[in-house]
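Here's the structure we're looking at; comments come further down.
The values are calculated or read from the model by the stated rules, or taken from the named source; none is laboratory data. In this text the structure is predicted, and so the values were computed from the model without any measurement. Cβ placement follows ideal geometry from the backbone for every residue including glycine, while neighbour counts extend to all protein chains displayed. Side chains included, ligands, DNA and RNA excluded: accessible areas come from the protein's heavy atoms. Shrake-Rupley method; radii C 1.70, N 1.55, O 1.52, S 1.80 Å.
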Amino acid sequence: MDSDDTVTAEVCKEGDIGDGELLEVMVASYPVLLVKNKKQFSALGSKCPHYGAPLGKGVLRGERLRCPWHGSCFNIKTGDIEEYPALDCLPCFKVTVEDGKVFVTAKKKDLESSRRVKDTSMRYLLNHDTMLLLGGGVAALTCAETLRQEGFTGRIIMATKENHVPYDKSKLSKQMNLKAEDAYLRKPEFLSAHGIEMWAEKEAVSVDFQKQKVRFMDGSSQKYHQLLIATGSHSSYLKVPGADLQNVYILQTPEDSRKILELATGRNLVIIGASFIGMEIAAFLSDKAGAVSVVEKKEFPFQHALGPEVGGVAMKMLQNNGVKFYMETELCELKGKDGKVTEAVLSSGENLPADVVVVGIGVVPNSTFLKGTSIARDDSNAILVDLHMRTNIPNVFAAGDVVSFPVELLNWEQSSIRHQQVAEAHGHIAAFNMLKREKKLHTVPFFWTRMLGKSIRYAGCGKGYTDTVVKGSLEQQKFLIFYIRGGFVTAAASLNCDPMVSLIAEVLYSGKQISKEEAEACDVCNIPSLAET
């Protein structure tokens, strides 16, 4: 014991851990991750700051450690975050070796938290430079935090039409009983302490790019030096008779999530669209609603993104929990009584009792306020950006769900990828370039969906894949599936095969290609077989 708040503990013998290995050890009854790389030891917090995943089961490549669950990456020497979705860094501890024994010295408060907030600069009131960030999601939040971490001392304004600070939207369909505050990524006090102004219920209605000024719904306006457009996307609306009846919802906010849970409990729930959100809602409410029915045009859930194999597994999981599927059919009409929905009429001729209807049929970029301006957008109205997150307008950047960007794994084809981790990567890169520091986007998209206590993980970009290689067993719900385009792997998905998807993400990140033959030879029980790729 060094002092009241610092402890030193012998954790193992030098030979107990090999080069490139991870070992969880105990220091003062707290778990610490010991890493050996090129004969050098590092000691870090053992849990991912995102959702608490055990980093000892992660993937180490060089000095980069990737979380086995959701793909966050950390530098083993500094503990600094290098890839999202985690926002915070890991604490680092001192390691010494004496007479073949390994000792770790740490402060108790660092052992307790297993997370470290990166140092930031303070707001300097005489610096009048204004960074205006439109949107209150993870892209805007990551941009704001990165600006402060990189020394920006001017004004940062985050303006959102929502009435909350940024929250974890991925939880809305997975944990529908959460209070909004339980999903907050940062508390209001955190933003305030870092000099980030949060303007809630402040929706942008127009931008004058010449005057560098944004006008808001309430009639106010704000000038900017640099602008980030990170307004996200919204769910597509139903276009059938009865779509305007009461108790027909799209899931957008924490309030929507709790209301759907309240109304669906013990009642008939119909979900239109077997999207990720639709399937997660079906899973969460499968043991709470009186009946859950899913209506989908395609043959399998999320068929476009993950293919029939994975969609089929997810469908079977939910069917075993009582969810009924009406596939290859469409909703024609919603009928109601006293203004409230009571029935869903399908093109197949079936009529489903419906007390609550939730719509998940795709999303649309929130970019209509830019109509009539010269900003470049694609056919879906997504804002076109380059690898620096720059638009075609000087001093205007865009990030997250509202953009289409060049995707490395698609041979630089412009595409929209609406994952939380991608939006955070965009916000981070935008901040560097808003500060006139050239930095290009280099990330491997990472996504997960969770249903009935099981997570399907996905890394890469499988758009346009022509072939798949399935390893393991779809029936036993333990599999790894590779998506092949042009003879090479562009994405992978897994269930109960951690940390394979994280490993594949690291291989793709390094720029190395995995051929179809290498995928076919891969042994899901032997992780190093791919690490050598």
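What strands (runs of 3 or more DSSP E) lie completely within the range 1-68 and have 2 or more residues being within 30 Å of the chain's Cα centre (by Cα), outside the structural domain of Leu185 (by the TED database) and within 30 Å of Pro445 (Cα to Cα)?
Where strands (runs of 3 or more DSSP E) fall fully within the range 1-68 and carry at least 2 residues being within 30 Å of the chain's Cα centre (by Cα), outside the structural domain of Leu185 (by the TED database) and within 30 Å of Pro445 (Cα to Cα), they are 21-27, 30-37, 40-45, 59-61, 64-66.
Report the residue count in the range 309-362 for those that are in a strand (DSSP E or B) and not aliphatic (A, V, I, L, M).
Result for the range 309-362: 13.
I'd like to check something: does the range 463-471 contain any residue that is farther than 30 Å from Glu520 by Cβ and at pLDDT 95 or above?
Among the residues of the range 463-471, not one is farther than 30 Å from Glu520 by Cβ and at pLDDT 95 or above, which makes the answer no.
Every residue in the range 172-185 that is outside any loop (DSSP other than H, G, I, E, B) and open to solvent by 40 Å² or more (accessible area, probe 1.4 Å), please.
Glu181, Asp182, Tyr184
Given the structure, is Ser121 over 24 Å from Phe447 (Cβ atoms) and either touching a Phe, Trp or Tyr at 6+ places or on another chain (Cβ under 9 Å) or in a strand (DSSP E or B) (or both)?
yes
Residue check: is Ala180 farther than 17 Å from Gln421 by Cβ and modelled with pLDDT under 95?
yes
Specify the residue that is nearest to Met317 (Cα to Cα); the eligible residues are those in the range 280-299 that are of a type in the set (Lys, Arg) and out of contact with any strand residue (DSSP E or B) (no Cβ under 6 Å at 6 or more places or on another chain).
Filtering first and then ranking leaves Lys298.
Condition test on Thr231, is it buried (at least 18 other Cβ atoms within 10 Å of the Cβ) and under 21 Å from Ala430 (Cα atoms)?
Answer is yes for this residue.
For the range 45-64, enumerate the residues that are in contact with a Leu (Cβ under 7 Å, 6 or more places away or on another chain) and over 26 Å from Gly453 (Cβ atoms).
Across the range 45-64, the qualifying residue is only Leu60.
Could you list, ordered by first residue, the pairs with Cβ atoms under 7 Å in which the first is in the range 70-99 and closer than 15 Å to Leu60 by Cα and the second is hydroxyl-bearing (Ser, Thr, Tyr), at least 6 apart or interchain?
Matching pairs, first to second residue: His70/Tyr51; Gly71/Ser502; Ser72/Tyr84; Ile76/Ser42; Lys77/Ser42; Ile81/Ser72; Glu83/Ser72; Glu83/Thr443.
Output the residue which, of all residues in the range 455-471 that are in contact (Cβ under 8 Å) with a residue 60 or more places away in the chain and open to solvent by 40 Å² or more (accessible area, probe 1.4 Å), is nearest to Ala493 (Cα to Cα).
My answer is Val470.
State whether one or more residues within the range 472-492 are within 17 Å of the chain's Cα centre (by Cα) and crowded, with 24+ Cβ neighbours inside 10 Å.
Yes: one or more hits.
As an exercise: evaluate Ile272 against (1) farther than 29 Å from Lys161 by Cα; (2) crowded, with 24+ Cβ neighbours inside 10 Å and give the number of the one condition it does not meet.
The number of the failed condition is (1).
Only one of these conditions is not met by Lys512: (1) of a type in the set (Lys, Arg); (2) surrounded by 15 or more Cβ atoms within 10 Å (Cβ to Cβ); (3) not in a strand (DSSP E or B). Which number is it?
With (1) of a type in the set (Lys, Arg); (2) surrounded by 15 or more Cβ atoms within 10 Å (Cβ to Cβ); (3) not in a strand (DSSP E or B) applied to Lys512, the lone miss is (2).
Taking the stated definitions as given, is Lys436 touching a residue at least 40 places away in the same chain (Cβ under 8 Å), open to solvent by 70 Å² or more (accessible area, probe 1.4 Å) and under 25 Å from Ala144 (Cα atoms)?
Taking the combined requirement at face value, the residue does not satisfy it.
With the requirement that a residue be within 20 Å of Gly266 (Cα to Cα), open to solvent by less than 20 Å² (accessible area, probe 1.4 Å) and within 28 Å of the chain's Cα centre (by Cα), what does the range 298-355 give you?
Leu318, Val323
Among the candidates Gly79, Gly71, Gly100, which residue alone is assigned by the TED database to the domain that holds Val11, open to solvent by less than 10 Å² (accessible area, probe 1.4 Å) and either in contact with a helix residue (DSSP H, G or I) (Cβ under 9 Å, 6 or more places away or on another chain) or at pLDDT below 95 (or both)?
Being assigned by the TED database to the domain that holds Val11, open to solvent by less than 10 Å² (accessible area, probe 1.4 Å) and either in contact with a helix residue (DSSP H, G or I) (Cβ under 9 Å, 6 or more places away or on another chain) or at pLDDT below 95 (or both) holds for just one of Gly79, Gly71, Gly100, which is Gly71.
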